[in-house]
Amino acid sequence: MLHFRRSTLLKELFHTNLKRPAAVSRNKSWLPSHNCVAAASFDAKVVSTLKVLHADVHRPLLSGGASWSTRSYCVKSEGAVTPDEPGKKDDVTTGATGDKNAGILPSLEDLLFYTIAEGQEKIPAHKFIAALKTTGLRTGDPRLKECMATLKETLKNTSDGVMLDRHLFKKCVQSNIVLLTQAFRKKFVIPDFPTFASHIDELYESAKKLDEGQVADYIPQLAKFNPDLWAVSLCTVDGQRHTVGDTKVPFCLQSCVKPLKYAIAVHDHGTDYVHSFIGKEPSGLRFNKLFLDEEDKPHNPMVNAGAIVCTSLIKQGASNAEKFDYVMDFLNKMAGNEYVGFSNATFQSERESGDRNFAIGYYLKEKKCFPEGTDMTSILDFYFQLCSIEVTCESASVMAATLANGGFCPITGERVLSPESVRDTLSLMHSCGMYDFSGQFAFHVGLPAKSGVAGGILLVVPNVMGIMCWSPPLDKLGNSVRGIQFCTDLVELFNFHNYDNLRHFAKKHDPRREGGDQR
């Protein structure tokens, strides 16, 4: 077993910006010189340490196959193969002498092991899991499924069920080494995630002290929620997760579903078709007013009239059951297959107390706002169903992160929505998403968001993260009191406002920079 005492040096190597070449065979030409690292770029201490390390490892440089597990770095040093020395390939491959392996850097799996082991020959599995969590990744991340399954199976076959040596560790991580390397080299969008998460916790505790607002009671099922419930979840575009509070309690999306179904409609039909039925302007009126613009169209898809028309554009000609399954499939993909449910009690309650929405529906029918052949009462049923879709803060934060990530779900890597639909959705969320508070929110917070009367606020920081805040007590405009406070405090602390200058605004933190100065 290799006794390696220079863990600090290996950590420095691990965080060096190395470019890993693709696996090559004997018949393939050498990679371009920019993928090689000259030995002169390392000091004598590094070179001597690598000699000691590889004299033990004997890792081959070249392999007859293209197996990605035989990774190596091209380093010009004593004994290294060059294009002018083809005869030396066999010597290096067989590892006949320790000196000829001295110029080859350890694999990413080796470096990851030494970084976590800190000089020890074995590491406990829980130490790896704890280190993983500090990067923001979860063990349940779908991208790490193979790694976690191999880890579980490997531990079953060890004598103590806890410790992993270097070879067992490499076996566990090799299937996800690219993602793990990014995480431990702090190459995610939020490099110092523990510090950022601690700031989020402080903002959460600050907003928790607020006791103003009233729980919505015009829908009987919503009135049953405890006003003390308060939760915040976030998911970055790299899949880093943080939650605090009552994040596993299901609640209905209500109006937070409006931007999501608008995104689906634009994804299916394109911007021009959707906006031949719906406008793009803030209405300046209450969200449930019976009012149309000068062209007899609803002002935007974030008010009830526009959302009802938008609902009629989804899967036209299909039954409500088929339409509902279609939207649920989209939302499940946006949430990375995390919890998305349905509250039948809320749906029944909505339908029984939905006189205003029925009035809006008949008004829209009179003005011929629907596509030809639309059954207005059936559309209203579908509208109430979509408002009654349940999520948790955790699953909704992944939906928001999918919008932040240009339509790709961060934790599955699957493209769910087109770039056009995401861009249009975020634009309207920014200008119209917060009821009559939209202008104030755009001014002070400067981020796309959508609130709902269940107490949720779906907040998007484009290209960075998605956040879901949830607390049932609402202000007089229908927005969550604690949620508004959290969003305001967030942008006061971090330079997430759309118009914050990222270069010169020194008063705010930029969590996207490592150590305060690296991009």
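Between residue 319 and residue 139, the distance separating the two model label sites (each 7 Å from Cα on the Cα→Cβ line) works out to 4.4 nm. Using all pairs of distinct alpha-carbon atoms, the Kirkwood hydrodynamic radius of the range 271-375 works out to 15.1 angstrom. Between residue 415 and residue 498, the modelled labels are 2.5 nm apart [label points 7 Å from Cα along Cα→Cβ].
Protection proxy ranking for 455-462, 119-126, 471-478, using the average of other Cβ atoms within 10 Å per residue and placing the highest first: 455-462, 471-478, 119-126. When peptides 248-255, 400-407, 274-281 are ranked by their average number of other Cβ atoms within 10 Å per residue, the highest-first order is 400-407, 248-255, 274-281.
Any idea how far the Cα center of the range 169-248 sits from the one of the range 366-433, in Å? When both Cα centres are located, 21 Å separates them. Each other residue within a Cβ distance under 14 Å of residue 290 adds +1 if Lys or Arg and -1 if Asp or Glu, for a net charge of +2. Placing a label point 7 Å from the Cα of residue 285 along the Cα-to-Cβ line, the residues of the range 366-400 whose backbone N sits under 17 Å from it are 366-370.
Per residue, the accessible area of the range 279-395 comes to 44 Å² when a 1.4 Å probe rolls over the protein heavy atoms.
Here residue 271 and residue 162 are evaluated by their C-beta separation; at R0 = 45 Å the FRET efficiency comes out at 0.20.
Taking N as the residue count of the range 407-494, its C-alpha radius of gyration divided by 2.2 N^0.38 Å amounts to 1.09.
The accessible surface of the range 247-398, taken with every protein chain in place and a 1.4 Å probe, is 46 percent carbon and sulfur. Under the combined filter of DSSP loop state and at most 13 neighbouring Cβ atoms within 10 Å, the range 266-346 retains these GluC sites (Glu not before Pro): 294, 295.
Solvent exposure of the range 177-266, expressed per residue, is 38 Å² of accessible area, with all protein chains present and a 1.4 angstrom probe. Considering only alpha-carbon pairs that sit under 8 angstrom and 6 or more positions apart, the relative contact order computed for the range 361-512 is 17 percent. Normalised by the number of residues in the range 187-254, the mean separation of alpha-carbon contacts (under 8 Å, six or more apart) gives a relative contact order of 27 percent. Based on protein heavy atoms only, the range 398-519 ends up with 37 Å² per residue of surface accessible to a 1.4 Å probe. Computed over neighbours whose Cβ is under 12 Å from that of residue 171, the net charge equals -2, Lys and Arg +1, Asp and Glu -1. Here the contact order of the range 97-228, divided by its residue count and restricted to Cα pairs under 8 Å and six or more residues apart, works out to 25 percent.
The values are calculated or read from the model by the stated rules, or taken from the named source; none is laboratory data. Just so you know, these numbers come straight off a predicted model, no measurement behind them. No Cβ is skipped: glycine too gets one built from the backbone with ideal geometry, and neighbour counts run over all protein chains shown. Surface areas here come from the heavy atoms of the whole protein model, side chains and all, with no ligands, DNA or RNA. Shrake-Rupley method; radii C 1.70, N 1.55, O 1.52, S 1.80 Å.
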